[in-house]
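Peer 1: My questions will all concern the structure given below.
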Amino acid sequence: MEPSTEQHLIEAVKTGDRGALGRLLSEYQYRIYNVVLRMVRHRDDAADVTQEVMLKIVEHIDEFQGRSHITTWMIRIAMNLAISHLRQGRVRAALSLNGMGTDQGSSGGNVDRHRSLVSHIPDHRELRPDLGVEQKESIALLHRALAKIDIDFKAVLVLRDIDQMDYQQVAEVLDVPVGTVKSRLFRARLALRQQMIRLT
């Protein structure tokens, strides 16, 4: 979405234009869903949490002050609810990779999120020198490793290495200083590599 169009919609939303709010939600629902899915790993759980996110956005849209990008604000709500979901122990059985397929990106087009996951987590080639094998196996390994690391580590990996937010955006979503994001990301990547080694 063009920044001018987005700003126009935000201004319309603040005047009570629910149609404009619907357009904003429609534009970003797939990105929100994908972020939630990477955290909770089960499609049905991700759909439920995403529905909660949409309701929260509708309820609190008047509180958006424009100090951050609207997507950063939305994803902060999504991440908070996803983390709450995980910490309450409502995680279902691990998601079957056969059902993952491709997810739609924020633009509404099909994006191979598996390829994105493999390519964005750094140094995976060091862990899998045999990456000539079926790509599905390396993706399965990454998902199993992500499921085993600390939730806070998982969150920073999802936001920075998969969703590709910059450090400032990640800091705003997680409500921590940029320095904390960088140190946590370093430790998260190390933890992920260690888990991958254990699983191979």
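None of the figures in this text is laboratory data; all of them are computed from the coordinates on show. Keep in mind it's a predicted model, so treat the numbers as computed, not measured. Neighbour counts run over all protein chains shown; Cβ positions are idealised from the backbone, glycine included.
Peer 1: Modelling each spin label as a point 7 Å along the Cα-to-Cβ direction, I'd like the Ser183/Gln164 distance in nm, to one decimal.
Peer 2: My value for the distance between the label points is 2.9 nm.
Peer 1: On to the next question. By per-residue mean of other Cβ atoms within 10 Å, what is the highest-first order of 32-42, 74-84? It would help to have the intermediate numbers written out before the result.
Peer 2: On the way: 32-42: 23.0, 74-84: 21.4.
The peptides rank, most packed first, as 32-42, 74-84.
Peer 1: While we're here: Using the charge dipole of segment 1-93 (Lys, Arg: +1 at Cβ; Asp, Glu: -1 at Cβ; taken about the Cα centre), state which of Ile77, Thr5, Gly22 has its Cα farthest towards the positive end.
Peer 2: Ile77
Peer 1: Rounded, prolate or oblate, given the Cα gyration tensor of segment 1-93, with a/c below 1.5 counting as rounded?
Peer 2: Prolate is the answer for segment 1-93, as a/c is 1.5 or above and a/b outweighs b/c.
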